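Scroll down for the structure; my scribbles are underneath it.
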Amino acid sequence: MTNTVVLGVIGADCHAVGNKILDYAFSKAGFNVVNIGVLSSQEEFINAAEETGAKAMIISSLYGHGEIDCRGLREKCDEAGLDDMLLYVGGNLVVGKHDWEEVKEKFLAMGFNRVYPPGADPEQGIRDLRDDLKLPKPE
Amino acid sequence: MNNYLLIDFGSTYTKLTAVDLNAEAILGTAKSYTTVETDIMTGYEAALVELKATLAAKGRPDLEFDRKLACSSAAGGLKMVAIGLVQELTAEAAKRAALGAGARVLQVFDHDLTRRDIEKIAALKPDMLLLAGGTDGGNQTCILHNAKRLAEAKLPVPIVVAGNKSAMDDIDDLFKEAELIYSMSDNVMPKLNVLNVDPAREEIREIFMQRITHAKGIHTATGMIDDILMPTPAAVLKAAELLSKGTDLEDGIGTLVMVDIGGATTDVYSICDGEPTQPGVTQKGLEEPFAKRTVEGDLGMRYSALSLKEAAGSKRIRAYLKDDLADVDAACRHRSLQPDMIPQSPEERHMDEAIAKAAVALSVERHAGCLESYYSPMGVVISQLGKDLGNAAAFIGTGGVLVASENPKAILQEGLYDQETPTSLRPKSPAFKLDQDYILSAMGLLSQDHPDTALRIMKRHIVTL
Ligand code: B12
């Protein structure tokens, strides 16, 4: 399916509420959501994307260790042959207050396509994904 | 008249069990040694003569059998190769489907098959292949690539296709064109981490009945047997499931774990959902089958005694023997060279018991799930991979070494949960039971027609230790 996405919370992070909301929002928007839930490793994201033929990974990190947990994911996707995989990440990516532009640049440099600040609206992610996948706008 | 003859064509023995349905009783059992060299039907006839003698001695000389059903693990059993996409996902799902169908899984392949892989598969000489890959609507490129390779290779081996639904039509066309022997089944992993092994298992059994048994020298045409229903381990799994769950009329004994210690392998069966029993633990990974079978090809009492020694270590076996000087190596070597060895002295029996303890300890540890902990800033987060067997109500043992032992319970206890490795989710306080009359595979066969009777016979003959 052209609109399959893998959704999950990366690393040792067990914040489950946002994940449920994202699942609901992306499913309602017509995406085929493969939700691997909380406590998901990079390998689990990759395995899931391989089997399901997903086009994007929607990754959350809420507990402040996003940088360590996300580092190397793009490289692993390349190794696994997931060449054009779209990587989106959001949540509370780092601990405490940081200059957002700095955080964003860091994640873009790590190979993420889209990076969202704390409390970002899932609808923004959905609009961006439609653009990136060149899907028709809903009526 | 309502008598059944149940036959188990084994790798070393052909075992017969005669059942009187009206009395719900086992009338007699017999077994005869079968070797690869001799015609397998000769062994069957020899055992039948023995059984008739037993029945005659019991005053039933002219007993006729209304149905004769068989299972078989003769000539190496059902040998399969499983193929999937990701090792932990569809390749694992395919492996589990094959194991649940009673197969011996020779090797599992993942991702794109190369020409070398095809050569390896041909050299392994499997009886059947199981081809999976991709969730429904998911990845098609891998399974299509592998199907093309297999179509080119034209191996004379039946293939069960159980992968991404979207690729099924193309594979069907490819295989038809290449004139392969194949059948299409449902995806073993239709959605991520969702396991669906029953349709593929049934398809494997169907092909086994129609094609494989014949090739292994068991022929039903002579009228000696009505049906060869399934591979022996599938019959055992069926019996275990029935014993656990019960029937509409008769209660089962609840969740259970079962260990079958053989000469070449140790098989472990668990019938339970295996969900976390401790609070705060999250289940991870591919869904677990309710009725699960694993096979340890390196753990066995005879053929695999040396590999068992490698896996367990001499020190561990010596510790079981409570003898620091025992020559474990020589004992295991002797057993592997003489697979039909029967212990004569107390020393030989003790050595067998120690080897069996290692087989139980390792096989149950490998079958059971485990806990993994992540350290987060506020403490430990725990996830579970595989099945938690902690609450299993019963722990059943089967196999010659247990029946011959004076203390089978002590052997089985090696499979229990252990404070020192709390991450291994083994049974905590099960009731120990023994299949003292070797009836499990026979009852699995009987359950096909008469589940209530098979269940009641098992409840009587599988004794609590
Ligand atoms: C509830 C909660 C918990 C519960 C979680 C229960 C559960 N199983 O879900 C418990 C008590 C277990 C918990 C534990 C911890 N928590 Co807490 N927790 C919270 C709290 C109060 C609410 C989280 C929540 O559910 N929010 C509601 C959901 C809907 O919002 P959301 O998760 O942010 O997700 C939305 C958006 O962010 C966005 N989004 C998320 N990802 C993505 C991705 C993309 C691509 C897009 C487009 C959008 C998007 O969409 C989501 C849906 O609307 C927050 C504080 C807060 N008010 O946010 C702290 C908070 C997240 N926790 C925090 C911390 C530090 C922890 C702990 C480490 C220790 C602690 N202080 O308790 C542990 C970590 C445990 C672990 N291993 O994960 C910090 C994180 C600090 C940081 N990152 O800088 C926070 C922010 C509190 C704080 N201000 O200090 N926590």
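Brief remarks on what is shown
- Screening the candidates B:365, B:406 for the property of being modelled with pLDDT of 95 or more and more than 16 Å from the ligand (Cβ to nearest atom) yields one hit, B:365.
- Residue check, residue B:331 crowded, with 16+ Cβ neighbours inside 10 Å, away from the ligand (no atom under 16 Å from the Cβ), more than 25 Å from the chain's Cα centre (by Cα) and not in a loop (DSSP other than H, G, I, E, B): yes
- Single residue of B:155, B:130 found to be more than 10 Å from chain A (Cβ to nearest Cβ), touching a residue at least 40 places away in the same chain (Cβ under 8 Å) and within 25 Å of residue B:231 (Cα to Cα): B:130
- Residue B:229 vs. criteria aliphatic (A, V, I, L, M), outside any loop (DSSP other than H, G, I, E, B) and modelled with pLDDT under 95: yes
- Scanning region B:36-52 turns up no residue that is outside any loop (DSSP other than H, G, I, E, B), open to solvent by 50 Å² or more (accessible area, probe 1.4 Å), within 30 Å of residue B:185 (Cβ to Cβ) and touching a strand residue (DSSP E or B) at 6+ places or on another chain (Cβ under 6 Å).
- Matching residues in region A:9-32 - criterion: being within 7 Å of the ligand (Cβ to nearest atom) and either at pLDDT below 95 or surrounded by fewer than 14 Cβ atoms within 10 Å (Cβ to Cβ) (or both): A:12, A:13, A:14, A:15, A:16, A:17, A:21
- Counting only strands (runs of 3 or more DSSP E) that sit wholly inside region B:248-307, those with at least 1 residues that are open to solvent by 50 Å² or more (accessible area, probe 1.4 Å) are B:281-284.
- Subset of region B:108-119 [open to solvent by 60 Å² or more (accessible area, probe 1.4 Å) and out of contact with any helix residue (DSSP H, G or I) (no Cβ under 6 Å at 6 or more places or on another chain)]: B:111, B:114, B:115, B:116, B:119
- Test result for residue B:371, part of a strand (DSSP E or B), modelled with pLDDT of 90 or more and open to solvent by 10 Å² or more (accessible area, probe 1.4 Å): yes
- A count restricted to region B:78-88 and to residues that are touching a helix residue (DSSP H, G or I) at 6+ places or on another chain (Cβ under 7 Å) and open to solvent by 10 Å² or more (accessible area, probe 1.4 Å) stands at 1.
- Just so you know, in region A:33-73 the residues that are more than 13 Å from chain B (Cβ to nearest Cβ) and more than 12 Å from the chain's Cα centre (by Cα) include one that is most open to solvent (accessible area, probe 1.4 Å), and it is A:71.
- Neighbours by Cβ (under 8 Å, 6+ apart or cross-chain): first from region B:76-88, within 14 Å of chain A (Cβ to nearest Cβ) and farther than 13 Å from residue B:133 by Cβ; second of a type in the set (A, V, I, L, M, F, W, C) and assigned to a loop (DSSP other than H, G, I, E, B): B:88/B:286
- For region B:228-257, the tally of residues that are in contact with a Ser or Thr (Cβ under 7 Å, 6 or more places away or on another chain) and closer than 18 Å to residue B:464 by Cα stands at 9.
- Pairs where the first residue, in region A:82-108, is within 17 Å of residue A:129 (Cα to Cα) and the second is of a type in the set (Lys, Arg) and surrounded by 12 or more Cβ atoms within 10 Å (Cβ to Cβ), C-beta under 7 Å, 6+ apart: A:86/A:55; A:87/A:74; A:88/A:114
- Scanning region A:82-138 for residues that are more than 15 Å from the chain's Cα centre (by Cα) and either near the ligand (Cβ under 8 Å from one of its atoms) or within 16 Å of residue A:57 (Cβ to Cβ) (or both) returns A:83, A:94, A:95, A:96.
- Count - residues of region B:128-164 that are crowded, with 24+ Cβ neighbours inside 10 Å and either assigned to a helix (DSSP H, G or I) or not assigned by TED's automatic domain parsing to the domain that holds residue B:84 (or both): 5
- Restricted to region A:58-134, the set of helices (runs of 4 or more DSSP H) holding at least 1 residues that are β-branched (Val, Ile, Thr) comprises A:66-70, A:100-109, A:122-132.
- Among (1) part of a loop (DSSP other than H, G, I, E, B); (2) touching a residue at least 60 places away in the same chain (Cβ under 8 Å) - the single one residue B:99 does not satisfy: (1)
- Test: residue in region A:11-27 that is polar (S, T, N, Q) and facing chain B (nearest Cβ under 8 Å): no
- Flag for residue B:3 being buried (at least 16 other Cβ atoms within 10 Å of the Cβ) and farther than 30 Å from residue B:265 by Cα: yes
The values are calculated or read from the model by the stated rules, or taken from the named source; none is laboratory data. What you see is a predicted model, and the numbers here were worked out from it, not measured in a lab. When we count neighbours, we look across all protein chains shown, and the Cβ atoms used for this are built from the backbone with ideal geometry, even at glycine. The area values use the complete protein model at the heavy-atom level, side chains included, leaving out ligands, DNA and RNA. Shrake-Rupley method; radii C 1.70, N 1.55, O 1.52, S 1.80 Å.
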